[in-house]
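> Below is the structure I would like to discuss, written out as structure tokens.
The values are calculated or read from the model by the stated rules, or taken from the named source; none is laboratory data. Note that the structure is predicted; figures quoted are calculated from it, not measured. Note that we place each Cβ from the backbone using ideal geometry, even for glycine, and neighbour counts take in every protein chain shown.
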Amino acid sequence: MPRICVFCGSSMGYRDEYKTAARELGLFLSDNGIGLVYGGANVGLMKVIADTMLSKGAEVIGVMPHHLVNREVAHAKLTEMIIVDTMAERKEQMVTLSDGFIALPGGFGTLDELSEILTFNQLRISDKPLGILNISGYFDHLLRFFDHAVEEGYVREEHRSNLIVSENISDLVQFMHQYKPLTMGKWIEDILDESNHL
Ligand code: AMP
């Protein structure tokens with residue numbers, strides 16, 4: 001069964017649209033026979049999507065470091081809870097278990113996970129599609145920053161455009177299906193070339 005790892009807020013956020021999007025994404029994934037991998041918590045949007053999918057009988061796997069489990073935010077009713085030692089190990093597991101990644105609105109934790117996948121794909125440590133569900137323009141500022149980073153020469157255009165963005169769930173998942181991993185050679189060669197000509 002294919003699985004998507006969803007990164008999203010451990011908070012609900014202030015707008016109903018965010019909660020609705022988490023619920024609708026959960027329904028879409030379960031209706032399409034796709035399982036969920038996520039942070040394993042029982043709070044915020046994380047709880048919304050996990051509960052929605054569990055109620056539809058879908059597979060829901062949580063990956064949580066034990067120090068968070070001890071703080072009683074762990075979801076008790078998942079198909080499986082994988083407990084790891086560190087945050088780094090958790091992300092490794094999330095990558096191994098999933099066929100792609102979707103970010104919903106969230107805070108620093110969501111940004112951290114999103115950035116890690118962008119970097120992994122850039123370095124070809126992984127080559128799985130990453131989509132942002134840009135509900136109510138939540139990610140607009142971040143996407144503008146990414147464009148700025150391209151304009152200023154710190155992110156390559158092909159790495160920027162490798163990030164899939166849509167405000168519509170079925171479009172996003174369809175774009176993810178069509179995803180083509182990048183080839184790396186040129187990027188490393190260019191960076192070496194640039195540094196050798198100082
Ligand atoms: P944030 O966006 O800062 O709310 O963090 C949410 C993201 O970080 C999720 O995708 C989780 O994987 C992880 N995370 C942050 N806080 C928790 C928590 N209390 N329990 C489990 N995972 C968390």
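> Please find, within the stretch 31-54, the residue that is nearest to the ligand (Cβ to nearest atom) out of those that are assigned to a helix (DSSP H, G or I) and not hydrophobic (A, V, I, L, M, F, W, C). Full working, then the answer.
Residues of the stretch 31-54 that are assigned to a helix (DSSP H, G or I), as a first pass: 31, 44-54.
Then drop every residue that is not not hydrophobic (A, V, I, L, M, F, W, C), which leaves 31, 44, 47, 51-52.
On the way: 31: 22, 44: 6, 47: 10, 51: 15, 52: 16 Å.
Across the stretch 31-54, the extreme among qualifying residues is 44.
> If you don't mind, another one. Of all residues in the stretch 80-138 being within 14 Å of the ligand (Cβ to nearest atom), touching a residue at least 60 places away in the same chain (Cβ under 8 Å) and not hydrophobic (A, V, I, L, M, F, W, C), which is farthest from residue 68 (Cα to Cα)?
Ranking the qualifying residues of the stretch 80-138, first place goes to 138.
> Of everything in the stretch 1-59, what is buried (at least 19 other Cβ atoms within 10 Å of the Cβ), over 15 Å from residue 102 (Cβ atoms) and of a type in the set (A, V, I, L, M)? Give them in sequence order.
Selection gives 41 alone.
> Can you find a residue in the stretch 124-138 that is surrounded by fewer than 17 Cβ atoms within 10 Å (Cβ to Cβ) and either aromatic (Phe, Trp, Tyr) or within 30 Å of residue 16 (Cα to Cα) (or both)?
There is at least one residue in the stretch 124-138 that is surrounded by fewer than 17 Cβ atoms within 10 Å (Cβ to Cβ) and either aromatic (Phe, Trp, Tyr) or within 30 Å of residue 16 (Cα to Cα) (or both).
> Could you check the stretch 1-21 and list, in sequence order, the residues that are away from the ligand (no atom under 11 Å from the Cβ), in a loop (DSSP other than H, G, I, E, B) and touching a Phe, Trp or Tyr at 6+ places or on another chain (Cβ under 9 Å)?
Scanning the stretch 1-21 gives a single hit, 15.
> Condition first: part of a loop (DSSP other than H, G, I, E, B), more than 13 Å from the ligand (Cβ to nearest atom), modelled with pLDDT of 95 or more and of a type in the set (D, E, K, R). Can you find one or more residues in the stretch 22-30 that meet it? Give the steps one after another, and end with the answer.
Of the residues in the stretch 22-30, the ones part of a loop (DSSP other than H, G, I, E, B) are none.
No - not one qualifying residue is present in the stretch 22-30.
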